[in-house]
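Let me begin by presenting the structure, written as structure tokens, before commenting on it.
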Amino acid sequence: MPSLNQTDQAAVALQRVWPKVRSRFTRHANRDRLAAFKHALDQDFPRLFARLISLYEGHWDFYYHLEQLLVTAANQWLGAEAASSVYQATDHAWIHAEDTIGATGYVDLFGGDLKGLTTKIDYLKDLGISYLHLMPFFDVPEGDSDGGYAIRNYGAVNPKIGTLDDLKHLSQSLAENKIKLVLDFVFNHTSDQHEWAEKAKAGDKAYQDFYWLMRDPAEKDAWGAHLRDIFPDKRQGCFTWNDEVNAWVWTTFNSFQWDLNYTNPAVFHAMCSEMLKLVNAGADVIRLDALAFTWKQQGTVCENLPKAHELIQAFNAFLRISAPQVALKSEAIVAPDDVMGYISPEECQLSYNPNLMALMWEALATRQTRLLINGSRHRTDIPDGSAWVNYLRCHDDIGWAFADADAWHCGINPHDHRYFLNQFYTGQFPGSFARGVPFQADPRTGDCRISGMFASLVGLEKAAELNDDHERTLALKRIRMMHGVLFAFKGIPLIYLGDELGLMNDHSYLDNPAHINDSRWVHRMTVPESALARRQQKGTTEHQVFSDLQSMLRVRKTQPALGVGDIQIEPEYDEHLFMFRRRDERSDVLIIANFSEHRRHLSAHQCQALRITDCATDLLTGNSFPCSDGLTLEAYDLLWLDLTTQQ
């Protein structure tokens, strides 16, 4: 008898497992939904089965875990409150819309708690936000919890932030105001105080197998020989000795964050159940934290492994069956080409774009756009049904995640250049306008990453120190120019809350013992009510920055080309200018940004090459520019030129 192909294997497996799954719900109040759920399985089970077979085929209890997964998915359907949860295929078209505009921040730092954040919805709408990513606010231990990323209980809200009812009310209010909710799924590790970790400490073998525990020093050293230090200023190595389990525990990030063992299918099932808690909390998008580290294989660096991609695809397939309306977003702050490997409708529909972020800060420091042009132009083409999430600042640090090959292609030594950028953005390079703070400085290599609020990094803090109006003007122009590029680039723009008000670094973290060793808290600052109020007072920094960003976002929402339209990065016409065009079948917009404080001029011949053949109108200001004699840009100028009539 010939062997079955994988599609046929999936069909036979489902035929055998389904009766057992169905029998679990024959008396369920919503058993009438089983037919629709089975329809979902018929469509998407083959993809889930293929991934699981690849990951777990060798496990003797594979079919037990497969059955339990389907029971969990069916329970999600039948336990849903509304019939709207009935299976519907979705292409997530909203991720390409010109009116999808994101913001991100901490609940407590922006709203105080969940109830307080609910009262800030009108503020978010005033800015133009339709996508809100909240940093983790679930139950964590007291003290250092890595900013909320050491989860003790995925099903409980940190009591300082609120309750599950508060979260439900917030998610409903956001939905009523057409704001998508994004929640973090911290799935590479748990807190060492998680229930599973506590059971492992108590000697429960089943839960010890949820983690990576090693009692043989030689085994630990064999794994560790290929691993890099994530936080080198805190500790070396990726293992922590724990007396309670009498073993070294794999702890990639911090000693209190225990890495999960995804070679165990019970872990995958358990974490699928945890993921559904975020769905039931109202998440429209689930951000997969630290996904590049999830799969371990001895003899490798244990990052970006092929099995890690298969694992993410398995989560995607499970979610497609159990909650198809929810999208996944990858957090893969790794090499640019590795980042692109995670973005597709079958893996993560959304992905951060750390490459663009790093390149824009590089261009601002050097005043030269060659690396920005070369490093971004061949990474805009991603699979249909997926989109970049573009950002300039977030809760994390700035790492120089451009590709070494791109730098060498531009005649730049990447190692030396990263050293220069670190010196520049920490204010140590002569003439720097930046006031960043080193993060995770490695004394062995001189390497570090950069913390700091946007305004402090672009010169506003320095201008305040010097009481220099000219420096303040330049800093404000940098804020507008950088965000204007962000808002026009292809993808979802993401604002770190507080940056829209021009808030500067907060060094009070140095007085908090739980934060003193983590400089990222210099930009994880409370957004004061007084700053929100000053946005309405003309003449204040808050008013100017907020108004500039708000105005640009309102224009973006009128331009479909800035949503679904194509993007074309223009070649280098001037070493200080970055130019790209966004086009759809109805419109053509050319974005020109001057990344320097120097006046730049495009000749009439260059304008013709850019297809600016007539008087062009800037969408942002309404000003017209006759280009017969060329086009002049002043310091840090930004133009969104409407070339629709010149196509």
>> Please determine whether any residue of segment 143-163 is open to solvent by 70 Å² or more (accessible area, probe 1.4 Å), not in a loop (DSSP other than H, G, I, E, B) and not basic (K, R).
In response: no
> Which of the residues that make up segment 277-301 are outside any helix (DSSP H, G or I), farther than 21 Å from L52 by Cβ and either open to solvent by 10 Å² or more (accessible area, probe 1.4 Å) or out of contact with any strand residue (DSSP E or B) (no Cβ under 7 Å at 6 or more places or on another chain) (or both)?
Replying inline: A281, G282, D284, D289, A290, Q298, G299, T300, V301
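Restricting attention to segment 522-539, which residues are free of Cβ contacts under 8 Å to residues at least 24 places away in the same chain and under 26 Å from T426 (Cα atoms)? I'd like the intermediate steps shown before the answer.
Going through segment 522-539, the residues free of Cβ contacts under 8 Å to residues at least 24 places away in the same chain turn out to be 528-530, 533, 536-539.
P528, the sole residue that qualifies.
Results for (1) small (G, A, S); (2) in contact (Cβ under 8 Å) with a residue 60 or more places away in the chain; (3) touching a His at 6+ places or on another chain (Cβ under 8 Å), shown as yes or no for each residue.
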{"site": "F268", "(1), (2), (3)": "no, yes, yes"}
{"site": "S273", "(1), (2), (3)": "yes, yes, no"}
{"site": "G282", "(1), (2), (3)": "yes, yes, no"}
{"site": "I286", "(1), (2), (3)": "no, yes, no"}
{"site": "W295", "(1), (2), (3)": "no, no, no"}
{"site": "L305", "(1), (2), (3)": "no, no, no"}
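Return the only residue of D447, D442, D396, D406 being of a type outside the set (A, V, I, L, M), out of contact with any Lys or Arg (no Cβ under 6 Å at 6 or more places or on another chain) and open to solvent by 40 Å² or more (accessible area, probe 1.4 Å).
Working: D442 fails: open to solvent by 40 Å² or more (accessible area, probe 1.4 Å); D396 fails: open to solvent by 40 Å² or more (accessible area, probe 1.4 Å); D406 fails: open to solvent by 40 Å² or more (accessible area, probe 1.4 Å).
Result of the check over D447, D442, D396, D406: D447.
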>> I need the full set of residues from segment 100-139 which are open to solvent by 20 Å² or more (accessible area, probe 1.4 Å) and within 12 Å of N158 (Cα to Cα), in order please.
In response: D108, D113, D139
> Can you find even one residue in segment 244-266 that is at pLDDT 90 or above, in a helix (DSSP H, G or I) and of a type in the set (A, V, I, L, M, F, W, C)?
Replying inline: yes
> Pairs, please: C-beta under 9 Å, at least 6 apart or cross-chain, first residue in the same structural domain as E597 (by the TED database) and in segment 462-481, second among the polar types (S, T, N, Q)?
Replying inline: none
>> Looking for something touching a Pro at 6+ places or on another chain (Cβ under 6 Å) and not in a loop (DSSP other than H, G, I, E, B) - is there at least one such residue anywhere in segment 333-350?
In response: no
>> Pairs please, first residue from segment 104-122 and of a type in the set (F, W, Y), second anywhere and part of a helix (DSSP H, G or I), Cβ atoms under 7 Å, 6+ apart in sequence or on different chains.
In response: F110/L117
> Among the listed residues D396, D384, which satisfies the condition of being part of a loop (DSSP other than H, G, I, E, B) and closer than 26 Å to Y496 by Cα?
Replying inline: D396
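Name the single residue, out of those in segment 1-25 being small (G, A, S) and either part of a helix (DSSP H, G or I) or open to solvent by less than 90 Å² (accessible area, probe 1.4 Å) (or both), that is farthest from Q43 (Cα to Cα). Give the derivation first.
So in segment 1-25, the residues small (G, A, S) come out as 3, 10-11, 13, 23.
Keeping just the survivors that are either part of a helix (DSSP H, G or I) or open to solvent by less than 90 Å² (accessible area, probe 1.4 Å) (or both) gives 10-11, 13, 23.
Numbers: A10: 11, A11: 11, A13: 14, S23: 21 Å.
The qualifying residue farthest from Q43 (Cα to Cα) is S23.
crowded, with 20+ Cβ neighbours inside 10 Å and either in contact with a strand residue (DSSP E or B) (Cβ under 7 Å, 6 or more places away or on another chain) or on the phi < 0 side of the Ramachandran plot (or both): does that describe R377?
Numbers: crowded, with 20+ Cβ neighbours inside 10 Å: no; either in contact with a strand residue (DSSP E or B) (Cβ under 7 Å, 6 or more places away or on another chain) or on the phi < 0 side of the Ramachandran plot (or both): yes.
It is false that R377 is crowded, with 20+ Cβ neighbours inside 10 Å and either in contact with a strand residue (DSSP E or B) (Cβ under 7 Å, 6 or more places away or on another chain) or on the phi < 0 side of the Ramachandran plot (or both).
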>> Filter segment 559-583 down to the residues that are among the polar types (S, T, N, Q) and touching a residue at least 24 places away in the same chain (Cβ under 8 Å) and list them by number.
In response: Q559
> Can you tell me which residues in segment 320-332 are in a loop (DSSP other than H, G, I, E, B) and small (G, A, S)?
Replying inline: A323, A332
> Quick check: anything in segment 169-185 touching a residue at least 24 places away in the same chain (Cβ under 8 Å), within 30 Å of D384 (Cα to Cα), open to solvent by 30 Å² or more (accessible area, probe 1.4 Å) and among the hydrophobic types (A, V, I, L, M, F, W, C)?
Replying inline: yes
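Is segment 355-372 home to any residue that is polar (S, T, N, Q), in contact with a His (Cβ under 7 Å, 6 or more places away or on another chain), open to solvent by 40 Å² or more (accessible area, probe 1.4 Å) and not assigned by the TED database to the domain that holds T251?
Filtering segment 355-372 for residues polar (S, T, N, Q) gives 355, 366, 368-369.
Subsequent filtering for residues that are in contact with a His (Cβ under 7 Å, 6 or more places away or on another chain) retains 368-369.
If we keep only those that are open to solvent by 40 Å² or more (accessible area, probe 1.4 Å) as well, we get 368.
Subsequent filtering for residues that are not assigned by the TED database to the domain that holds T251 retains 368.
Among the residues of segment 355-372, at least one is polar (S, T, N, Q), in contact with a His (Cβ under 7 Å, 6 or more places away or on another chain), open to solvent by 40 Å² or more (accessible area, probe 1.4 Å) and not assigned by the TED database to the domain that holds T251, which makes the answer yes.
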>> With the requirement that a residue be modelled with pLDDT under 95, open to solvent by less than 20 Å² (accessible area, probe 1.4 Å) and in a strand (DSSP E or B), what does segment 616-630 give you?
In response: A616
>> Condition first: surrounded by fewer than 19 Cβ atoms within 10 Å (Cβ to Cβ) and either of a type in the set (F, W, Y) or within 29 Å of the chain's Cα centre (by Cα) (or both). Now tell me which residues in segment 574-587 satisfy that.
In response: R583, D584
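Answer yes or no: is there a residue in segment 267-287 that is outside the structural domain of L213 (by the TED database) and on the phi > 0 side of the Ramachandran plot. Walk me through how you get there before you give the answer.
The first filter runs over segment 267-287 and keeps only residues outside the structural domain of L213 (by the TED database), leaving 267-287.
Subset that is on the phi > 0 side of the Ramachandran plot: 282.
Checked segment 267-287: at least one residue is outside the structural domain of L213 (by the TED database) and on the phi > 0 side of the Ramachandran plot.
Given the options V555, V545, V527, name the one that is buried (at least 18 other Cβ atoms within 10 Å of the Cβ) and assigned to a loop (DSSP other than H, G, I, E, B). Reasoning before the result, please.
Numbers: V555 fails: assigned to a loop (DSSP other than H, G, I, E, B); V545 fails: assigned to a loop (DSSP other than H, G, I, E, B).
Exactly one of V555, V545, V527 is buried (at least 18 other Cβ atoms within 10 Å of the Cβ) and assigned to a loop (DSSP other than H, G, I, E, B), namely V527.
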> List the pairs whose first member sits in segment 20-40 and is in the same structural domain as L70 (by the TED database), whose second member is open to solvent by 30 Å² or more (accessible area, probe 1.4 Å), and whose Cβ atoms are under 6 Å apart, counting only residues at least 6 apart or on separate chains?
Replying inline: K20/E67; F25/R31; A36/V86
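Would you point out the residue of segment 58-70, among those that are of a type in the set (A, V, I, L, M, F, W, C) and buried (at least 16 other Cβ atoms within 10 Å of the Cβ), that is farthest from E274 (Cα to Cα)?
Start the filter on segment 58-70 by keeping residues that are of a type in the set (A, V, I, L, M, F, W, C), which leaves 60, 62, 66, 69-70.
Next, only the ones that are buried (at least 16 other Cβ atoms within 10 Å of the Cβ) stay: 62, 66, 69-70.
Numbers: F62: 20, L66: 17, L69: 12, L70: 15 Å.
Here the answer is F62.
Can you name every residue in segment 118-131 that is closer than 23 Å to L288 by Cβ and either touching a Leu at 6+ places or on another chain (Cβ under 6 Å) or among the acidic types (D, E) (or both)?
Residues of segment 118-131 that are closer than 23 Å to L288 by Cβ, as a first pass: 129-131.
Correct list: empty.
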>> Testing A225 on (1) among the aliphatic types (A, V, I, L, M); (2) open to solvent by 60 Å² or more (accessible area, probe 1.4 Å); (3) within 26 Å of the chain's Cα centre (by Cα), one condition comes back false. Which one is that?
In response: (3)
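Would you pick out the residues in segment 319-343 that are closer than 30 Å to K38 by Cβ, over 12 Å from the mean Cα position of the chain (by Cα) and buried (at least 20 other Cβ atoms within 10 Å of the Cβ)? Steps first, answer last, please.
Within segment 319-343, the subset closer than 30 Å to K38 by Cβ is 319-329.
Next cut, over 12 Å from the mean Cα position of the chain (by Cα) only: 319-327.
If the condition is that a residue be closer than 30 Å to K38 by Cβ, over 12 Å from the mean Cα position of the chain (by Cα) and buried (at least 20 other Cβ atoms within 10 Å of the Cβ), then L319, R320, I321, S322, A323, V326, A327 are the ones that fit.
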>> Can you say whether I495 is within 26 Å of the chain's Cα centre (by Cα), closer than 20 Å to G147 by Cα and surrounded by 15 or more Cβ atoms within 10 Å (Cβ to Cβ), as far as the supplied structure shows?
In response: yes
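The values are calculated or read from the model by the stated rules, or taken from the named source; none is laboratory data. Here the structure is a predicted model, which is why all the values come from computation and not from measurement. Because the Cβ atoms are built from the backbone with ideal geometry, glycine has one as well, and the counts that use them run over all protein chains shown. These accessible areas exclude ligands, DNA and RNA; they are computed on the full protein's heavy atoms, side chains included. Shrake-Rupley method; radii C 1.70, N 1.55, O 1.52, S 1.80 Å.
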